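> First the structure, then my questions, so here it is.
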Amino acid sequence: MDIVVFGAGSLGSLVGGILARDSSNEVTLVARDAHADAVAESGLELVGKLEATVDPAATTDGRGLEADLAIVTVKSFDTAAAAEVLETGSYGSVLSLQNGMGNEEALAARLECPILAGTASYGAILRDPGVVECTGIGEIVLGARTGGPSAHADRIGDLFASAGLETTVAADMPRRLWEKLAVNAGINAVTALTRTENGAVLEADTNDLARTATRETARVARAVDVRLSNRTALDAMEDVAAATAGNTSSMHQDVLAARRTEIDAINGYVVDRAAERELEVPTNRLLASLVRTWERGRGLRE
Ligand code: KPL
């Protein structure tokens, strides 16, 4: 299968690299300058929990490409821009494997082909241009963005599983996206603000904060008619924190690299949906305003 990975940073390169191990896949990574150059010159090295050297194509220019599948792994604030670029090419289907909410809608607003939703809990860090460390074997869950069965999702699920990615095809993606949001709402901002690894949210000092952010998120999910109990959301958050205890969350990685974070699509999204329903989510509000204050101080947002 021909596959293009849009926004091949750490997670996108890991997923693209695993798919490229299967010689029946032709993978192209659309990445930033130095990483794309390194991959084009010497291949992509996967290290850590998964080791391989693979040879996907790599480019910085995603315009006008054609493939059976595009996997979108850009940061949530770049989804609309990615959709504009994807629109110049041709794809059988597009799968969002991004954090935060609203990504599939932004893609569907511009693209005609089927848009699938997905979540990924693999841990990945871009160590150097051309080198990605897998810091945790997680899972990819994918399916139709509005829920229900999808032949496209089944086909991509088979493709991922046969390349060695832990994959589940789900018919309840809207609920799964909210569950992942509740995980990220609990882990990402707390680990970014305290400069700790994911396992820190299980410790006494920060556990309350993470649990409260997750519980508030589950409450907002229920207010928008998504069945997500506090128990399910809390278990999911703590299971991911335990399984990825030594990992640096994506928001913590962004803060370390002085990059803009996905706060607006995570805790900020919870605050916005809560406000529409006149619900109070003080912990998500506090986390969002602290991370935004950090971004403002670094000149990363207005
Ligand atoms: O999605 C993640 C992220 O870092 O953004 C988790 C699941 C928290 C893994 O680190």
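> Treating each Cα of segment 92-194 as an identical point scatterer and ignoring solvent, apply the Debye formula and state log10 I(q)/I(0) at q = 0.11, 0.17, 0.19, 0.23 Å⁻¹.
These q points yield log10 I(q)/I(0) values of -0.37, -0.85, -1.02, -1.27.
> Would you kindly compute the Cα radius of gyration of segment 175-302 and its largest Cα-Cα separation (Dmax), both in Å?
Radius of gyration, then largest Cα-Cα span, for segment 175-302: 13.6, 39 Å.
> Could I ask something else about it? Give me the three principal axis extents of the chain from the C-alpha atoms, as integers in angstrom, largest value leading.
For the chain, the Cα extents along the three principal axes come out at 49, 38, 36 Å.
> Can I ask one more? I want to check the label-to-label distance for residue 161 and residue 298. Put each point 7 Å from Cα in the C-beta direction and report it in nm to one decimal.
Output for this residue pair reads 4.0 nm.
> I would also like to ask the following. Which of the GluC sites (Glu not before Pro) found in segment 178-223 are loop residues per DSSP with 14 or fewer other Cβ atoms within 10 Å of their Cβ?
Passing sites in segment 178-223 are 203.
> If you restrict to DSSP beta bridges whose two residues both lie in the chain, what percentage is antiparallel, to the nearest 5?
30
> State, as an integer percentage, the relative contact order of the chain based on alpha-carbon contacts under 8 Å between residues 6 or more apart.
14
> Can you give the translational diffusion coefficient of segment 178-250 in µm²/s, computed by Stokes-Einstein from the Kirkwood radius over Cα pairs at 4 °C and 1.567 mPa s?
Taking Rh from Cα pairs, D becomes 111 µm²/s.
> Give me Rg/Rg_expected for segment 2-171, where Rg uses Cα atoms only and Rg_expected = 2.2 N^0.38 Å with N residues.
Numbers: Rg = 14.4 Å, N = 170, 2.2 N^0.38 = 15.5 Å.
Relative to the rule-of-thumb radius for its length, segment 2-171 sits at 0.93.
> Can you grab the distance from the C-alpha centre of segment 111-170 to the C-alpha centre of segment 218-278, Å, no decimals?
Using only Cα atoms to place each centre, the spacing works out to 19 Å.
> May I pose another question? 5 Å is the cut-off here: which amide hydrogens, built 1.01 Å from N in the peptide plane, fall below it relative to residue 50, excluding neighbours closer than 5 in sequence?
134
> Would you work out the charge dipole size for the chain about its Cα centre, treating the Cβ of every Lys and Arg as +1 and the Cβ of every Asp and Glu as -1, and quote it to the nearest 20 debye?
960
> Still on this structure, I have one more. Of the GluC sites (Glu not before Pro) in segment 34-86, which ones lie in a loop per DSSP and count no more than 15 other C-beta atoms within 10 Å?
Numbers: sites: 41, 45, 51, 66, 84; in loops: 51.
Hits after loop and neighbour filter: 51.
> Also: Taking only DSSP H segments of four or more residues, each worth -39500 (n - 2.57), what value at 222 nm results for the chain once the sum is divided by all its residues, to the nearest 500 deg cm²/dmol?
Values: 11 runs with 137 residues, N = 302.
That calculation yields -14000 deg cm²/dmol at 222 nm.
> Another one. Can you give me the long-range amide H partners of residue 143? Hydrogens built in the peptide plane at 1.01 Å from N, cutoff under 5 Å, separation of 5 or more residues or another chain.
117, 170
> At 0.36 nm per residue, minus the direct Cα-Cα distance, what do residue 168 and residue 57 gain on full extension? Give it in nm, one decimal, please.
Numbers: separation 111, 0.36 × 111 = 39.96 nm, distance 2.70 nm.
Gain on extension, residue 168 to residue 57, equals 37.3 nm.
> How high is the FRET efficiency between residue 258 and residue 80 when r is their beta carbon distance and R₀ equals 25 Å, given to the nearest 0.05?
For residue 258 and residue 80, the calculated efficiency is 0.60.
FYI, it's all coordinate maths here, none of it is from the lab. Only a predicted model underlies this, so the values are computations on that prediction, with no experimental measurement involved. Don't worry about glycine lacking a Cβ; one is built from the backbone with ideal geometry, like all the others, and counts go over all protein chains shown.
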